[in-house]
Amino acid sequence: MTGSDDKPDDGDDTAEGGEAKIEDTPTEDTSVLEDDADGTPIPPAIVERMGPGLGRRAAGLLAAALGLIGCLLSFALLATSLRLIFVASDVADTAAEPLSAAVERLDTRIDQADDLIDTDGVSGTDYSELQARADGLVDITQAADRAYAAIDDHVIYRWLPVDKDDLGRRLERFSTGAEAVSAAVASGNQLSASAAVRAGDRVNEMQTEVSSVDDVIESTVNSLTNWIRLTGLAGLVASLWSLWAQIALMKRGWRGVKGEAA
């Protein structure tokens, strides 16, 4: 027996050759995603909680605000387009109402002038009254021209491809006829037989013209109604497309504000 005590083997603390055995131990991930002001590494968890940068938030907020404004404008366009579709007929009738009223008065004045013209000549009180009727014809044709110009020069109606040429030509012939009758009775105290015949021919031409002008006005009003409705329908489609685009922009901006991926 030896004097040394037998000690239990606690395990191989050394590897073969007498070298210390190094065991693998888990280490904490200290990868640096970004540093603070003094260079100290900021753990990834804190970086994640910090969210997106100020520039990204500002851009997202701007996009969300623009999307909201765009949505409001799209709703306004949507409401206007729907109104145009449903009230197109009333809008067209209102636009043509002054013209229809002027043509109706013109029809009455033409008949009154025709009753006063005698092919044998006009004199005395009939002549004075004929002068007043002739002046009234000119005034009414000018009112009809203004009513037509209000439609033709309207900021919206003038861009619509409405066929107004026939109506414009007829109104122009009314003006020419009324001025011719007025010029024939403008001076003197009677109308000779030959002058009365010429004036009567002018009045008869106007009577023939005015009997069909109502149909032309109605056709123009119908065309205007259809084009107003088509314009409203186009505006409706545009407003829906714009609304969809603005909602998408607003959502994208809000995701940017919250730091979510676009």
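Overview of values
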| quantity | calculated |
| --- | --- |
| Any chance Asp163 is assigned to a loop (DSSP other than H, G, I, E, B) and either more than 30 Å from Ala76 (Cβ to Cβ) or touching a Cys at 6+ places or on another chain (Cβ under 7 Å) (or both) | yes |
| Subset of segment 108-146 [over 16 Å from Ala184 (Cα atoms) and surrounded by 21 or more Cβ atoms within 10 Å (Cβ to Cβ)] | Arg109, Ile140, Thr141, Ala144 |
| So Thr176, is it of a type in the set (S, T, N, Q), part of a helix (DSSP H, G or I) and in contact with a Ser or Thr (Cβ under 8 Å, 6 or more places away or on another chain) | no |
| Filter pass, Leu224 being among the hydrophobic types (A, V, I, L, M, F, W, C) and surrounded by fewer than 18 Cβ atoms within 10 Å (Cβ to Cβ) | no |
| Yes/no for Leu106 being among the hydrophobic types (A, V, I, L, M, F, W, C), within 18 Å of Thr220 (Cβ to Cβ) and in contact with a helix residue (DSSP H, G or I) (Cβ under 9 Å, 6 or more places away or on another chain) | yes |
| Test result for Ile217, under 36 Å from the mean Cα position of the chain (by Cα), over 30 Å from Leu137 (Cα atoms) and not hydroxyl-bearing (Ser, Thr, Tyr) | no |
| Checking Trp241 against (1) part of a helix (DSSP H, G or I); (2) closer than 30 Å to Asp120 by Cα; (3) not hydroxyl-bearing (Ser, Thr, Tyr), the condition it does not meet | (2) |
| In segment 181-212, the residues that are in a loop (DSSP other than H, G, I, E, B) and surrounded by fewer than 16 Cβ atoms within 10 Å (Cβ to Cβ) | Ala186, Ser187, Gly188, Asn189, Ser192 |
| Filtered residues of segment 148-203 (kept if touching a residue at least 40 places away in the same chain (Cβ under 8 Å), within 16 Å of Ser128 (Cα to Cα) and of a type in the set (Ser, Thr, Tyr)) | Ser182, Ser192 |
| Every residue from segment 205-249 that is acidic (Asp, Glu) and in contact with a Gly (Cβ under 9 Å, 6 or more places away or on another chain) | Glu205, Glu209 |
| Test: Ala95 is in a helix (DSSP H, G or I), modelled with pLDDT under 90 and among the small types (Gly, Ala, Ser) | yes |
| Hey, Gly136 at pLDDT below 85 and touching a helix residue (DSSP H, G or I) at 6+ places or on another chain (Cβ under 6 Å) or not | no |
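Residue-wise test of (1) hydroxyl-bearing (Ser, Thr, Tyr); (2) within 30 Å of Ala113 (Cα to Cα).
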{"site": "Ser194", "(1), (2)": "yes, yes"}
{"site": "Thr225", "(1), (2)": "yes, no"}
{"site": "Leu236", "(1), (2)": "no, no"}
{"site": "Ala245", "(1), (2)": "no, no"}
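The values are calculated or read from the model by the stated rules, or taken from the named source; none is laboratory data. These numbers come from a predicted model, not from an experiment. Heads up, the Cβs are rebuilt from the backbone with ideal geometry, glycines too, and the neighbour counts pull from every protein chain shown.
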